[in-house]
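S.K.: Before anything else, here's the structure in question.
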Ligand SMILES: [Ca+2]
């Protein structure tokens, strides 16, 4: 198995070598020659052998050639770094600090870097905790969740709170630099308006890991009703109506709620605007879409009137949960688990997986089944995805300007991006917390899957750093290992082929002035928009006022806000 893995790794290195030779990346020579030497335990001899294969490097040794690969341990003598990071609820069930986490200790053994964690109290908001720490001047060496501080990255750098990492990555960030080279757009995503890189960003480098949400339906009800999953908008209406009128839960009452909502992250009717070819969820890119290179706010999208009119009709006909704007995650789950909900928008794990796992099949319907549905084909003949993730998340870790062990801090974060570091963070130690099967798929061992009194994700959080801070990369092994049901694995193939041509990029960059102006404008726009949407859907606001609503948003400065976003989008495209 190990040999096979190594052969595959070498084959991939060779491919990379070819690819970067063709694209002529600045740092490709130094990087590709070292890619195979990333194994933590591999000897120095390996890397020096690799050096010999890069003749052009030796002729101009003074020229910057990008970061050098390195071996663990990171430092010869143990150093301690302090780290601000949230103690995830899944870990706090069994740990009082991440210092007790097995993989944190294992990484310390390999790296010689001891991490002293500072976990903010769950009683204060993250923003408040970060702001307080920054104001006190007593700042940890590594700061996770830095994006939640009130000051943006550029301000934190210019105020001397955190380090600009660009030059440090050039010097020591071998694996992060490789990510830049292998993922077009990634570097632009992590670079601020002022050209700073202020953090190591959390990321999803393997494509399947970027897809973990979809529409979900009671597949057993569709079978009972003898209908297929809908692929077009009118088929959606037919499906919801059939659920409403066909008594699929068999209790003789029309008590079914054909589409239910979870108001958290606007996982409700806002996600249904994809049926009309635009994004209406403020939670996602401030309700913006891209139409032919233009940033368009929801109320200005061509399908807007059609969307709100349809939602109003569906609401009036009882096809949408009457609590669609008020119910929380608990309320939504309860409706699914008590056989009242027909469909919803939800997550692969927290939705499909959790619900399949917590349903009472003995008391309830033994055929209970949830499956993902594709984004439907709109009247334009296309299926639009607005909600998948990009390789670069918005979160990440910064390094304090007061850090005394900068090289160790950079490399501690950087190694998490190496192939070995990725699987170590997510899965722990091979042979102890995980094993590879004969197909090369990593599985958690019984230590985790049979941990007493802990759910799978809680057990993972006790022993590994999969899915929680301070890991960097959500890798494909973890993505796969946390799925207990085939229905969860169906999400990626179900939604991956939709076009993302109208999806507004997650990380548009603004100058500090632009950001502050945008925040001011959007604060009022957001509340007026959401109030209006709720009114139109529920009927509290007559549909005859849609035009006045759109006009009012414009008087509130919508055009100016969109112009700021448009400029940022144009820069993003040009980068
Ligand atoms: Ca019924």
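Nothing in this text is a laboratory measurement; each read-out follows from the coordinates by a stated rule. This is a predicted model, so every value here is computed, not measured. Neighbour counts run over all protein chains shown; Cβ positions are idealised from the backbone, glycine included.
S.K.: What Kirkwood hydrodynamic radius, in Å, does segment 89-237 give when the mean of 1/r is taken over all pairs of distinct Cα atoms and then inverted? Kindly include the intermediate steps, with their values, before the conclusion.
M.R.: Values: mean 1/r = 0.0509 Å⁻¹.
Across segment 89-237, the inverse of the average 1/r is 19.6 Å.
S.K.: Provide the percentage of antiparallel DSSP beta bridges, counting only those with both residues in the chain; round to the nearest 5.
M.R.: On the way: 27 of 43 bridges.
In the chain, DSSP labels about 65 percent of beta bridges as antiparallel.
S.K.: What fraction of the Cα pairs in segment 428-526, stated in percent, has a spacing above 19 angstrom? Mind dumping the intermediate values first?
M.R.: Working: 2987 of 4851 pairs.
For segment 428-526, the fraction of Cα-Cα distances above 19 Å is 62 percent.
S.K.: Need the C-alpha centroid separation for segment 424-481 versus segment 363-388, integer Å.
M.R.: 29 Å
S.K.: Report, in whole Å, the centroid distance computed from the Cα atoms of segment 497-575 and segment 323-361.
M.R.: 30 Å
S.K.: Over all directions, how big on average is the projection of the convex hull of the alpha-carbon atoms in segment 258-397, in square nanometres?
M.R.: Mean shadow area of the hull around the Cα atoms is 10.4 nm².
S.K.: Hey, another quick one. Over the C-alpha atoms of segment 291-348, what are the Rg and the largest Cα-to-Cα span, Dmax, in Å?
M.R.: When restricted to Cα atoms, segment 291-348 yields Rg and Dmax of 15.0, 45 Å.
S.K.: By average Cβ neighbour count within 10 Å, what is the ranking of 311-317, 276-282, 496-502 from highest down?
M.R.: Details: 311-317: 18.0, 276-282: 24.4, 496-502: 15.0.
In descending order of packing, they fall as 276-282, 311-317, 496-502.
S.K.: Rg to Rh ratio, the chain, alpha-carbon atoms and Kirkwood radius?
M.R.: Values: Rg = 25.3 Å, Rh = 25.8 Å.
Reported Rg/Rh (Cα atoms, Kirkwood Rh): 0.98.
S.K.: Estimate the FRET efficiency between residue 439 and residue 547 by the formula 1/(1 + (r/R0)^6), using the beta-carbon distance for r and 41 Å for R0, to the nearest 0.05.
M.R.: Values: r = 58 Å, r/R0 = 1.41.
Efficiency, from the Cβ-Cβ distance: 0.10.
S.K.: Then there's this: With an 8 Å cut-off on Cα pairs and a minimum separation of 6 or more residues, tell me the relative contact order of the chain in percent.
M.R.: Numbers: 935 pairs, mean separation 113.6, N = 575.
20 percent.
S.K.: Continuing with this model, one more query. Given R₀ = 60 Å, FRET efficiency for residue 182-residue 226 by Cβ-Cβ distance, to 0.05?
M.R.: Numbers: r = 48 Å, r/R0 = 0.79.
Efficiency, rounded to the nearest 0.05: 0.80.
S.K.: Let's test the formula: R0 of 41 Å, r as the Cβ-Cβ distance of residue 338 and residue 511. What FRET efficiency results, to the nearest 0.05? Each step should come with its number before you reach the end.
M.R.: Numbers: r = 51 Å, r/R0 = 1.23.
My answer for the efficiency is 0.20.
S.K.: May I ask you to compute the full-extension gain from residue 235 to residue 452, defined as 0.36 nm times their residue separation minus their alpha-carbon distance, rounded to one decimal in nm? Don't skip to the answer; put the middle values down first.
M.R.: Values: separation 217, 0.36 × 217 = 78.12 nm, distance 4.56 nm.
My answer for the length gained is 73.6 nm.
S.K.: Tell me what the chain gives for mean residue ellipticity at 222 nm when only DSSP H runs of n ≥ 4 count, each as -39,500 (n - 2.57), the sum divided by the residue total, rounded to 500 deg cm²/dmol.
M.R.: Working: 26 runs with 242 residues, N = 575.
It comes out at -12000 deg cm²/dmol, rounded to the nearest 500.
S.K.: Roughly speaking, what is the stretch gain from residue 404 to residue 264, that is 0.36 nm per residue apart minus the C-alpha to C-alpha distance, in nm to one decimal? Display every interim value, and only then the final one.
M.R.: On the way: separation 140, 0.36 × 140 = 50.40 nm, distance 4.09 nm.
Stretched out fully, the residue 404 to residue 264 stretch lengthens by 46.3 nm.
S.K.: Multiply the residue gap between residue 93 and residue 138 by 0.36 nm, knock off their C-alpha separation, and tell me the result in nm, one decimal place. Don't skip to the answer; put the middle values down first.
M.R.: Numbers: separation 45, 0.36 × 45 = 16.20 nm, distance 2.85 nm.
So the chain would gain 13.4 nm between residue 93 and residue 138.
S.K.: In addition: Taking the alpha-carbon centroid of each part, what is the distance from segment 137-185 to segment 255-310 in angstrom?
M.R.: 34 Å
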